[in-house]
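Only one structure is covered here, and it is reproduced in the block below.
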Amino acid sequence: MPSSETAAFGNNTCPVALDVLNSTIENCFEFSKTAEDSTPVSLNVCISDLLTRISQRPECVSYKFIVTATQVQSGPAESYVGAYWDDNLDGIHVRILENEDRTVIVNIAWIHL
């Protein structure tokens, strides 16, 4: 997906370097170029792939991850997340991937064990 944006909260606590995290997100969600190919099953496969790739990294042993993917095909979308956590250890990273057919908003939250 050609265009992307990021936002993060608790960013300095991310157990994976942000450039590695962003490229992993883009690689996992590069499954199709058209809206017709992006079924909920495809997004579930992408989420599973992303979780597998992240959780196997040695620096992630002490963390749990939550990944969501929201697909937007027309009109504006708003998404809100709230959490009660330790700002020194936990955080969330949001990556927005867009092409001419759709937008996929990927949220990755990490929680230190």
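I'm trying to understand the selection: among the residues of segment 39-81, which are under 16 Å from LEU113 (Cβ atoms) and among the hydrophobic types (A, V, I, L, M, F, W, C)?
Of everything in segment 39-81, those that are under 16 Å from LEU113 (Cβ atoms) and among the hydrophobic types (A, V, I, L, M, F, W, C) turn out to be LEU51, ILE54, CYS60, VAL61, PHE65, ILE66.
Cβ-Cβ under 6 Å, sequence separation 6+ or interchain: first residue in segment 14-30 and in contact (Cβ under 8 Å) with a residue 24 or more places away in the chain and under 23 Å from LEU113 (Cα atoms), partner assigned to a helix (DSSP H, G or I) and not acidic (Asp, Glu). Which pairs?
PRO15/CYS60; THR24/ARG53
Looking at segment 2-41, which of its residues are of a type in the set (A, V, I, L, M, F, W, C), in a loop (DSSP other than H, G, I, E, B) and at pLDDT below 70?
Listed by number, the list holds a single entry, PHE31.
The values are calculated or read from the model by the stated rules, or taken from the named source; none is laboratory data. Note that the structure is a prediction, hence the values are computed from the model and not measured. As a convention, Cβ positions derive from the backbone with ideal geometry for all residues, glycine included, and neighbour counts pool all protein chains shown.
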